[in-house]
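The values are calculated or read from the model by the stated rules, or taken from the named source; none is laboratory data. Predicted model, so just to flag it, every value in this text is computed and none were measured. Cβ placement follows ideal geometry from the backbone for every residue including glycine, while neighbour counts extend to all protein chains displayed. Ligands, DNA and RNA are excluded from the accessible area calculation, which covers all protein heavy atoms including side chains. Shrake-Rupley method; radii C 1.70, N 1.55, O 1.52, S 1.80 Å.
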Amino acid sequence: MKRFIVPALLVLLPFLGLAQINLSGKVINHTTQESLPGAHIRMLNTFNTAVSDKTGTFSIRNLKSNSYTLVVSYIGYKNDTTSIDLKKNTDLIIALLPTAIMEDEVIVHATRAGSNTPVAYQNMDKKEIAAMNFGQDLPVLLGNSISAVATSDAGNGMGYTALRIRGTDMTRINVTINGIPLNDPESHNVYWVDLPDFAASTDNIQIQRGVGTSTNGASAFGASINLQSAHLNAEPYAEINSAYGSFNTLKNSISFGTGIFDKHFSMDGRISKLSSDGYIDRATSDLLSYYISGAYTSDKDLLRFNIFSGKEKTYQAWDGIPSPILDTNRTYNGMGSYYDNQGNQQYYSNETDNYSQSHYQAIYSHEFTKKLFMNMAIHHTRGAGYYEQYRESDDLADYGIDAIRTNAPYYIISSDTILTPDSTISTSDLIRQKHLANTFTGLTWSLNYHTDRLQTSFGGSWNTYTGNHFGRVIWSQFTANSEINHEWYRNKSLKNDFNIFSKTEYALTSKLNTWVDLQYRTIFYSMDGIDDDLRDISQNHTFNFFNPKAGVSYQVSTKQSIYASLSVANREPNRDNFVDADPTQPDPQSERLYDAEAGYSFSTSHLAIGANAYYMYYHEQLVLTGAINDVGAPVMINVPSSYRAGIELSAKALLSDNLKWEPSVTLSRNKIKSFTEYIDDWDTWGQTAVDHTNTDLSFSPSIVANSSLSWMIFKGFNMTLISKFVGRQYIDNTESNDRQLDNYFVNNLLIRYAISPRFCKEIGFSLMINNLLNEQYESNAWVYRYSYESSLQKLDGYYAQAGINFMAGISVKF
């Protein structure tokens, strides 16, 4: 991989010799003529950017003679677009008009990294998101970002999907929408299937790798994803989107906006309906979502109300494919399988997951002065649903149902089960549902101040969560003392989460910038009641965390910059860690991460190169080792020492006016220094301990590489080849070759064509051919090891991804 990347980047260096001309300028207030420090200047169709200094001046050097378009932006002012025909050194005065309305960018100001923040991050704008959106979940859209790997249970990106960044899973990635936490407070997970097609209502995304900046909700223990919902549109619009593709996948959505009316008001909305049969057998999805946003804006105030909701019904495909049949049946799904009275295998038709979730957000921003503004948001989320399962020959006692003694003289249950008088029925086929009903309510706020040398934010959040977990048996082949919808367990959770933070960026000189970010977080978590295995899981836990971060960035020249930072993050155990913990052992402990980052960037008009090195050291990381609790359930236990170290390289190159290439590669080493593996012994009902040292962390490939090659064949017609290579991954922490995911190399081809007829703004046609070379690969798996008759055995499940498949879409914009 190294032999490929270095020569490829060297090929691009001749572009550096084309630059000769310098452009400089000053950004001022059109009304008062005062300078505007911190204005952002972008040169379209190049990689040139600049930020005005304390006097409002900027410079972009070493340009070639050509025509350029500058876009200048500054919070509280209208964007200015200026076209220039550059033939010699030029000096500009750019006067920005104050806006009559506040802009939505202020909403996420406190939780975002800026151009001088010394952390590793990547931004995606609305155009990039829309180009990739065929209705698949957001992890699939983000799967080609730096250091990211996406997976899908159904194999085609709909239904249950997940994302790993630097090898860390969704339970360790902080996700916010408009600065409001999205992670489930108990599991720490994000279930993207609950918000289908939310990408259609997303204006921009920032992905921060590592600890990043302080944010709200669960700790960023490897990465954070910050989404901002749709921005204000000044003009009325409407858009219809439809797409159809392989596996009977269908997406239809309608979006609309009123534009600004009565000088201050606006409303935007979207409704989406998605369905798919899935690549895996019976892995169907039936999804519905909507988004409504109303806003009041003035020159100093922004008040926005957002309501968005999703409802999903998916056939379960959680078990994966056992390795012995993976080569012969890559679409196998054993979930819902049972045998009827004649011994024939059947599949229960409603082996489904059913859940709906609604989010309510009230966001208010107020500008006290051009240098000082406030953000505040109140949010409330309600969720409710269940998953349903057919269970064969379960013990009735596990559900609090008494055994049954028969009086029938002779009764045939099935071909191999015959009851005689006074027989005892202690097992039964049954259908059960596991329910969750939860609420999540809270307040987030920040006070933001900026001058020519200082940017500071002071803020925090308070959130409270309640979760009601309960199970019902809705049908049983045999029953004694149970009623219809027999409830066999119920427990309730309460979690309060409070944090306060202060982050400051200060320019010591025109080139040297410092960053300090301090966060204090406290959590109270309690559970009360009986779990599904009839154990009393009542318990209380309190955590107090201090998460400091600091760093520096230095502008070496107009084209080069460097940065370095050191951050600390703490993370509390999630619900499963506590519920599954062995009561004979100490409680699971909180984890701590020390994250050191250092980066370098270089850019010219036609080439931008970035490099970031990181070392993430984990103290008491919770991992699976094969250990079990007192009832045989697997538990995660703390390991004293583990780490992730790597380098992330990325580039953007304009190979010609119509050809752009964006490659990236992550090379990493991810290790547990020492841990003890436990293997169940089915012969003795005990466990065997095996010590390991310096083994790879699970699901942490040492190489992840991406490439996007875009070619504008002619105006309105674009082709993009998207390639991804993921190196070998181990599916447990033992670094064993018989428990691994092989490396894979996948190519997707995106074709887009747009026309502008008289009766509408645009008609767009798009075609995505996924897995162009029909690569057979698995992106996720699980394994359970045990010993039986003195021989090591395993149960496992692999998540096969679809071969070559397509999605074709059409959009009409009015």
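Here are the numbers for this structure:
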| quantity | calculated |
| --- | --- |
| Qualifying position, being within 20 Å of residue 198 (Cα to Cα) and open to solvent by 40 Å² or more (accessible area, probe 1.4 Å), among 355, 338, 360 | 360 |
| From the options 783, 812, residue that is modelled with pLDDT of 95 or more, part of a strand (DSSP E or B) and buried (at least 16 other Cβ atoms within 10 Å of the Cβ) | 812 |
| So residue 594, is it aromatic (Phe, Trp, Tyr) and surrounded by fewer than 18 Cβ atoms within 10 Å (Cβ to Cβ) | yes |
| Single residue of region 67-111 satisfying the filter (basic (Lys, Arg) and touching a residue at least 40 places away in the same chain (Cβ under 8 Å)) that is surrounded by the most Cβ atoms within 10 Å (Cβ to Cβ) | 87 |
| Residues that are open to solvent by 50 Å² or more (accessible area, probe 1.4 Å) and modelled with pLDDT of 95 or more, drawn from region 620-648 | 647 |
| Residue, surrounded by the fewest Cβ atoms within 10 Å (Cβ to Cβ), within region 305-331, restricted to residues that are acidic (Asp, Glu) and under 26 Å from residue 384 (Cα atoms) | 319 |
| Subset of region 128-150 [within 18 Å of residue 284 (Cα to Cα), open to solvent by 20 Å² or more (accessible area, probe 1.4 Å) and either assigned to a strand (DSSP E or B) or touching a strand residue (DSSP E or B) at 6+ places or on another chain (Cβ under 7 Å) (or both)] | 140 |
| Residue match in region 722-743 (condition: out of contact with any Cys (no Cβ under 6 Å at 6 or more places or on another chain), at pLDDT 95 or above, in a loop (DSSP other than H, G, I, E, B) and among the charged types (D, E, K, R)) | yes |
| Matching strands (runs of 3 or more DSSP E) fully within region 273-389 where at least 2 residues are free of Cβ contacts under 8 Å to residues at least 12 places away in the same chain and over 30 Å from residue 177 (Cβ atoms) | 345-347 |
| When residues of region 445-472 are limited to those that are farther than 30 Å from residue 382 by Cβ and not hydroxyl-bearing (Ser, Thr, Tyr), the one surrounded by the fewest Cβ atoms within 10 Å (Cβ to Cβ) | 454 |
| Within region 268-284, tally of residues that are open to solvent by less than 70 Å² (accessible area, probe 1.4 Å) and within 17 Å of residue 200 (Cα to Cα) | 6 |
| Condition check for residue 234: touching a residue at least 12 places away in the same chain (Cβ under 8 Å) and open to solvent by 10 Å² or more (accessible area, probe 1.4 Å) | yes |
| Matching residues, region 285-304, being farther than 21 Å from residue 200 by Cα and either open to solvent by 70 Å² or more (accessible area, probe 1.4 Å) or touching a Gly at 6+ places or on another chain (Cβ under 6 Å) (or both) | 296, 299, 300 |
| Residue match in region 786-802 (condition: modelled with pLDDT under 95, over 23 Å from the mean Cα position of the chain (by Cα), in a loop (DSSP other than H, G, I, E, B) and over 30 Å from residue 237 (Cα atoms)) | yes |
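Results for (1) of a type in the set (Lys, Arg); (2) under 22 Å from residue 718 (Cβ atoms); (3) touching a Gly at 6+ places or on another chain (Cβ under 8 Å), shown as yes or no for each residue.
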position: 66; (1), (2), (3): no, yes, no
position: 74; (1), (2), (3): no, no, yes
position: 77; (1), (2), (3): no, no, no
position: 87; (1), (2), (3): yes, no, no
position: 125; (1), (2), (3): no, yes, no
